[in-house]
Each structure stands twice: as structure tokens, then as C-alpha cells.
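The values are calculated or read from the model by the stated rules, or taken from the named source; none is laboratory data. Note that the structure is predicted; figures quoted are calculated from it, not measured. No Cβ is skipped: glycine too gets one built from the backbone with ideal geometry, and neighbour counts run over all protein chains shown.
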């Protein structure tokens, strides 16, 4: 199996909610999270999202379109109901185009 390359991390405090298709439940008003971004050599990657105080680890699978110059554009994700703004911020910080994904998440 191919090894993923760690690209960068983001740490932040925020509310933590558990979401599904019919409800949202607040688990914490404010909890410390760490997100670490990984890329594979192909057009995929993932974010490992850890909320230690709640013993939660979520893996957000990522799919990119990569242009001829190597620029990545996020086209799909999996593993969470809605991709958090912080995940999009982390991707953007590391050169991934998330403009269309932000638009689709806000509509």
C-alpha cells in the first residue's frame, strides 16, 4: 500500500457537532481539534481530524483534479456529512483550490 505524505497541520478550538441526514447533536461547545492533511501520489488524499478530549478521530477522504501544472482542485470528499470550514482552510493554505467546494457547501 502506498504511503501518504503529510503536508501540514491545523489546530483550532470550535464547537463539535455530530451530524447525519436528519439531525445535529452538539457534543461540545468548545473543543480543541487537530487536522493533518495527507496527499497520495495520485489524485487522492485525506485529512485526519482528531478531537482528543472527546476521543474522536475522523478521516475525511479527498479527491482532487490535478491540472498540467500540478495544481490540485478539491472535487469530492467522504467520511463526514459536511466538510468543515477548517478543513477547507487547511487545504487552501496548502495550495488546493476549494472555491467551488465552498460555493456548493454554502448553497
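Just a few scattered comments:
- Residue 38 falls short on exactly one of the conditions (1) more than 26 Å from residue 71 (Cβ to Cβ); (2) part of a strand (DSSP E or B); (3) in contact (Cβ under 8 Å) with a residue 12 or more places away in the chain, and that condition is (1).
- Residue in region 51-66 that is buried (at least 16 other Cβ atoms within 10 Å of the Cβ) and in contact (Cβ under 8 Å) with a residue 40 or more places away in the chain present: no
- Within region 6-19, residues that are exposed (fewer than 15 other Cβ atoms within 10 Å of the Cβ) reach partners that are not in a strand (DSSP E or B) with beta carbons closer than 6 Å, at six or more positions or on different chains, in the pairs 8/94; 12/86; 19/81.
- Looking across region 73-107 at every residue that is part of a helix (DSSP H, G or I) and in contact (Cβ under 8 Å) with a residue 40 or more places away in the chain, the one that is farthest from the chain's Cα centre (by Cα) is identified as 93.
- Within the option set 79, 95, being modelled with pLDDT of 95 or more, at positive phi and touching a strand residue (DSSP E or B) at 6+ places or on another chain (Cβ under 8 Å) holds for one residue only, 95.
- Counting the residues of region 48-72 that are under 18 Å from residue 4 (Cα atoms) and assigned to a strand (DSSP E or B) gives 14.
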